[in-house]
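Peer 1: First the structure, which I've put down as structure tokens, then a few questions once you've had a look.
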Amino acid sequence: MRALARLMAGASTSEQARRLVADRRPDVVVADCMTPAPLRGALETGTPTVALFHTFGAYWVDTFDGGATGRILGMRGLRPMGLWAQCADRLLLTDAELDPAGGDARLSGTWTGTTEVGAGPLPRGTRPRILVALSSSSWPGMLPVYRRIVEALAGLPVDAVVTTGGVDLGGELAAAPNVEVRGWAPHAELLPTVDLVVGHGGHSTTMKALAHGVPLLVLPVNPTADQRLIGPTLQSAGVGQWLPKNARPTAVRDAVAALLDDTALRARAGATGRRLRGLPSGAEVAAERILAAVG
């Protein structure tokens with residue numbers, strides 16, 4: 001966390017970014033929107049700079065800039081919104097229709113569409129299949145969340161794959177006869193074969209699932225991230241549901257069963273997947289906008 005704080009707000013990182021850009025003389029600089037110090041250094045060189053936003057715009061304007069983080073950064077002359085406004089473009093690598101801030105004039109950016117790639121569903125077996133993927137980063141209290149999810153799934157007529165992303169959970173995670181635990185697994189291969197994703201609300205996992213037309217049950221793990229926004233957003237859109245991370249196994253079990261039985265919700269998730277797959281590639285749109293910023 002200290003390293004992240006230095007990257008975001010350290011005076012030395014602003015200077016390092018300024019020197020690097022001055023030395024390399026790139027035609028355009030692309031910077032993560034949540035690193036204000038390097039962003040300021042790049043802007044100070046006068047080089048066209050593009051800010052990348054890697055989750056819903058509502059998180060950046062309402063929580064990141066509009067919350068305590070933005071106020072603290074502002075006291076160091078690094079108010080995010082002010083720096084973003086100076087950029088040649090602001091690229092939101094997400095779906096404007098799902099984003100609660102889609103088209104928000106405060107960002108005045110380009111919603112490129114998701115950069116995640118989806119595919120249509122493959123033939124299913126006779127039992128529903130579920131993918132569990134909470135995070136590829138370790139957060140306190142993750143092991144109990146995994147355990148409660150496995151306990152919940154063990155009591156249902158489903159087959160599940162739990163992926164831990166190789167995270168050291170600080171203890172053993174016992175599987176059930178119908179639940180397989182893996183450190184790593186190719187989600188792109190699994191998603192066309194599953195009926196539901198149980199996730200933490202990370203933007204990448206969420207958009208990847210939706211691009212495949214798969215609904216989600218979200219249990220936000222990181223209280224400081226965008227996960228607390230994404231869960232309710234999916235529920236409001238009718239393509240998922242969310243529960244607190246300390247939800248008891250019975251609550252998780254009931255939610256999973258309800259989501260699997262909700263044919264209207266599953267149809268909306270499928271329609272969302274088809275819509276996302278029919279849009280221009282978010283990665284290609286972003287690349288075109290970055291090249292356009294060169295002038």
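What follows is calculated from the coordinates using simple rules that are stated; it is not laboratory data. Since the model is a prediction, treat every value here as computed from it, not as a measurement. Please note: Cβ atoms are built from the backbone with ideal geometry, for glycine as well, and neighbour counts cover all protein chains shown.
Peer 1: Can you compute the modelled spin-label distance between residue 250 and residue 189, with each label point 7 Å from Cα toward Cβ, in nm?
Peer 2: Simple spin-label model gives 4.0 nm for this pair.
Peer 1: Assuming R0 = 22 Å, can you tell me the calculated FRET efficiency for the pair residue 25 and residue 287, based on Cβ-Cβ distance, to the nearest 0.05? It would help to have the intermediate numbers written out before the result.
Peer 2: Numbers: r = 21 Å, r/R0 = 0.94.
For R0 = 22 Å, the calculated efficiency reads 0.60.
Peer 1: Helix 11-24 versus the longest principal axis of the chain: what angle, 0 to 90°, nearest 10, using Cα atoms?
Peer 2: 70 degrees
Peer 1: Separate question: Multiply the residue gap between residue 117 and residue 224 by 0.36 nm, knock off their C-alpha separation, and tell me the result in nm, one decimal place. Show your work: numbers first, answer last.
Peer 2: Details: separation 107, 0.36 × 107 = 38.52 nm, distance 2.69 nm.
Stretched fully, the residue 117-residue 224 segment lengthens by 35.8 nm.
Peer 1: Under 5 Å between amide hydrogens, which residues at least 5 positions from residue 162 or on another chain qualify, with H placed 1.01 Å from N in the peptide plane?
Peer 2: The answer is 132, 180, 181, 182.
Peer 1: Using amide H atoms built in the peptide plane, which far-off residues or other-chain residues are under 5 Å from residue 32 H to H?
Peer 2: 52
Peer 1: Additional query: For the range 147-162, just list the computed ³J(HN,Hα) in residue order, Karplus coefficients 6.51, -1.76 and 1.60, θ = phi - 60°, integers in Hz, with x standing in for Gly and Pro.
Peer 2: Ordered by residue, 3J(HN,Hα) equals 4, 5, 5, 4, 4, 5, 6, 4, x, 10, x, 9, 10, 9, 10, 9 Hz.
Peer 1: According to the square roots a ≥ b ≥ c of the eigenvalues of the Cα gyration tensor, what is the shape class of the range 1-127, taking rounded for a/c under 1.5, prolate for a/b larger than b/c otherwise, and oblate for the remainder?
Peer 2: Because a/c hits 1.5 or more and a/b exceeds b/c, the range 1-127 counts as prolate.
Peer 1: Do the sum for the chain: with -39,500 (n - 2.57) for every DSSP H run of n ≥ 4, divided by all residues, what is the mean residue ellipticity at 222 nm, to the nearest 500 deg cm²/dmol?
Peer 2: On the way: 12 runs with 123 residues, N = 295.
Per the formula, -12500 deg cm²/dmol.
Peer 1: What are the ³J(HN,Hα) couplings of the range 71-79, residue after residue, when phi is run through the Karplus curve with 6.51, -1.76, 1.60 and θ = phi - 60°? Round to Hz, x for glycine and proline.
Peer 2: Residue by residue, the range 71-79 yields 5, 5, 4, x, 5, 9, x, 10, 4 Hz.
Peer 1: Taking amide H atoms as placed 1.01 Å from N in the peptide plane, list the residues 5 or more away in sequence, or in a different chain, whose amide H sits under 5 Å from that of residue 110.
Peer 2: For residue 110, whose amide H was placed from the backbone, the distant partners under 5 Å are 90, 91, 92.
Peer 1: Of all alpha-carbon pairs in the range 129-278, indicate the percentage at a distance above 27 angstrom. Write down the numbers at each step before the final one.
Peer 2: Values: 1320 of 11175 pairs.
Everything past 27 Å amounts to 12 percent.
Peer 1: Another one. Please give the FRET efficiency for residue 137 paired with residue 85, using the beta carbon to beta carbon distance and R0 = 30 Å, rounded to the nearest 0.05.
Peer 2: Numbers: r = 30 Å, r/R0 = 1.01.
Given R0 = 30 Å and the Cβ-Cβ separation, E is 0.50.
Peer 1: Which whole-Hz ³J(HN,Hα) couplings does the range 40-48 yield from phi under the Karplus relation 6.51 cos²θ - 1.76 cosθ + 1.60, θ = phi - 60°, glycine and proline marked x?
Peer 2: 4, x, 5, 5, 5, 7, x, 6, x
Peer 1: Could you list, bin by bin from short to long, the percent of Cα-Cα pairs of the chain in 10 Å steps?
Peer 2: Going out from 0 Å in 10 Å bins, the chain shows 6, 26, 31, 22, 11, 3, 0 percent.
Peer 1: Normalised by the number of residues in the chain, what is the relative contact order in percent for Cα pairs under 8 Å and 6+ residues apart? Intermediate results must be reported in sequence, preceding the final value.
Peer 2: Working: 564 pairs, mean separation 51.2, N = 295.
Rounded, it is 17 percent for the chain.
Peer 1: Give me D for the range 65-138 in µm² s⁻¹, whole number, from Stokes-Einstein with Rh from the Kirkwood sum over alpha-carbon pairs, 25 °C and 0.890 mPa s. Walk me through the intermediate numbers first.
Peer 2: Numbers: Rh = 16.1 Å.
Rounded to a whole number, D works out at 153 µm²/s.
Peer 1: Hey, another quick one. Give me the one-decimal nm value for the distance between modelled label points at residue 72 and residue 7, 7 Å along each residue's Cα-to-Cβ direction.
Peer 2: 1.6 nm
Peer 1: Dipole magnitude of the range 129-278 about its Cα centre, charges +1 at Lys/Arg Cβ and -1 at Asp/Glu Cβ only, in debye to the nearest 20? Don't skip to the answer; put the middle values down first.
Peer 2: Values: 14 positive and 11 negative charges, 84 e Å.
Roughly 400 debye, rounded to the nearest 20.
Peer 1: Sort 205, 110 so the one with the fewest other Cβ atoms within 10 Å of its own Cβ comes first.
Peer 2: Values: 205 25, 110 19.
Listed from fewest to most nearby Cβ atoms, that is 110, 205.
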